[in-house]
1. Please list, ordered by first then second residue, the pairs with beta carbon atoms under 8 Å, 6 or more apart or interchain, first in region 106-126 and within 20 Å of residue 37 (Cβ to Cβ), second open to solvent by 100 Å² or more (accessible area, probe 1.4 Å).
2. Starting from residues that are over 16 Å from the mean Cα position of the chain (by Cα) and hydrophobic (A, V, I, L, M, F, W, C), keep the ones in region 17-52 and report whichever is most open to solvent (accessible area, probe 1.4 Å).
3. Kindly provide the set of residues from region 53-71 that are open to solvent by less than 60 Å² (accessible area, probe 1.4 Å) and over 15 Å from residue 88 (Cα atoms), ordered by number.
4. Can you go through 133, 141 and tell me which one is outside any helix (DSSP H, G or I) and either modelled with pLDDT under 90 or open to solvent by 60 Å² or more (accessible area, probe 1.4 Å) (or both)?
5. Read through the list (1) in contact with a Lys or Arg (Cβ under 7 Å, 6 or more places away or on another chain); (2) more than 30 Å from residue 142 (Cβ to Cβ), then give the number of the only condition that residue 4 fails.
6. State the number of residues belonging to region 105-118 that are open to solvent by less than 50 Å² (accessible area, probe 1.4 Å) and either outside any loop (DSSP other than H, G, I, E, B) or small (Gly, Ala, Ser) (or both).
Amino acid sequence: GQRLVDPEIFQGVHPIKRNNGEIGNTRLGGVGPHWRQMTPSFRLLSGRMPRPGTRELLAGILARRKFSGLDSGTVEYKGQHWRIAGTFTVGDWWDGYLIGDAAMVKAAAKTEIDNIVQVRLVSPSAFAQFARHVVGRLPAHVMVERETDYYADFWRDVPDTVFIFA
């Protein structure tokens, strides 16, 4: 019955060794303390959750399969070694990422900025009131939208973006 608010930051991790020996990259999601509550499809497959305030990460099941560099138990990010504490799945795009403590990721990236702040409201019908309440308090470039709408727009634009890059 209470609102949950969780900050997130996304950063690129490069270079990281792929299973075929090539160098690749993935994303590191720094998540807050309520991320598991807000991600009901989360399942810990091996190991344990990273301890808050440490340079520990979980590897998504797809990232674990793709990057042999994760088998060493550590990954380098911003010149620091981060320990892989376990493997997880959510069943979506998160499975290709690494996740760790948002405060530690922000500290390593030398930023105070959250890319996303997820909010779970008491009910879906509370969104309009919430949006009206916070929009006027935020900088103009910050958007307030439902996660489902964000991803629907994102995936709708992907084919155009790929065509433009090509």
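The values are calculated or read from the model by the stated rules, or taken from the named source; none is laboratory data. Please read all numbers here as calculations on a predicted model, not as lab measurements. Quick reminder, even Gly has a Cβ in these numbers, built from the backbone with ideal geometry, and neighbours come from all protein chains shown. Remember, those area values only see protein heavy atoms, side chains included, never the ligands or the DNA or RNA. Shrake-Rupley method; radii C 1.70, N 1.55, O 1.52, S 1.80 Å.
1. Correct list of pairs: 119/3; 120/3; 120/37; 121/3; 122/1; 122/2; 122/3.
2. To start, the set of residues in region 17-52 that are over 16 Å from the mean Cα position of the chain (by Cα) comprises 17-24, 45-48, 51.
Still in the running and hydrophobic (A, V, I, L, M, F, W, C): 23, 45.
Values: 23: 99, 45: 74 Å².
Per the criteria, the residue is 23.
3. The initial filter retains those residues of region 53-71 that are open to solvent by less than 60 Å² (accessible area, probe 1.4 Å), namely 53-54, 56-61, 63, 67-70.
53, 54, 68, 69 - these are the residues of region 53-71 that are open to solvent by less than 60 Å² (accessible area, probe 1.4 Å) and over 15 Å from residue 88 (Cα atoms).
4. Numbers: 133 fails: outside any helix (DSSP H, G or I).
Matching residue, one of 133, 141: 141.
5. Among (1) in contact with a Lys or Arg (Cβ under 7 Å, 6 or more places away or on another chain); (2) more than 30 Å from residue 142 (Cβ to Cβ), residue 4 violates only (2).
6. Matching residues across region 105-118 total 5.
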